[in-house]
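In what follows, a structure is listed as structure tokens, so that the remarks can point back to it.
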Amino acid sequence: MPNIRVELLPGRSVDQRRAFAQAVTDAAVDALGARRQDVRIMFEEVAADFVANGGVLASEDDSRAAQVTKVTSGGS
């Protein structure tokens, strides 16, 4: 049984996660010969201020504004 864990920044819709899950499930069935019903995908949202790319927090990266919901950890 393939267990696939996906970490995402907040802001993806249910429709986007559904489409992703279908595409990844198809890939697991094709590449691994897994039974469709045995492919498990777990989504975990990671706060944008807990992820940095190129030294810039995702919550502070204006180029990600269309994809990222700005959620803070509550710290100052």
Out of 11, 33, sole residue that is on the phi > 0 side of the Ramachandran plot and at pLDDT 95 or above:
33
If you scan the stretch 22-38, which residues turn out to be surrounded by 13 or more Cβ atoms within 10 Å (Cβ to Cβ) and under 12 Å from residue 3 (Cα atoms)?
24, 25, 28, 34, 38
Answer yes or no as to whether residue 19 is under 15 Å from the mean Cα position of the chain (by Cα), more than 16 Å from residue 5 (Cβ to Cβ), buried (at least 16 other Cβ atoms within 10 Å of the Cβ) and not charged (D, E, K, R).
no
I'd like the full set of residues that are farther than 16 Å from residue 20 by Cα, more than 16 Å from the chain's Cα centre (by Cα) and assigned to a loop (DSSP other than H, G, I, E, B), limited to the stretch 37-60.
54, 55
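The values are calculated or read from the model by the stated rules, or taken from the named source; none is laboratory data. Bear in mind that the values here come from a model prediction, so they are computed numbers and not experimental data. Using ideal geometry, Cβ is built from the backbone for each residue, glycine included, and neighbour counts are taken over all protein chains shown.
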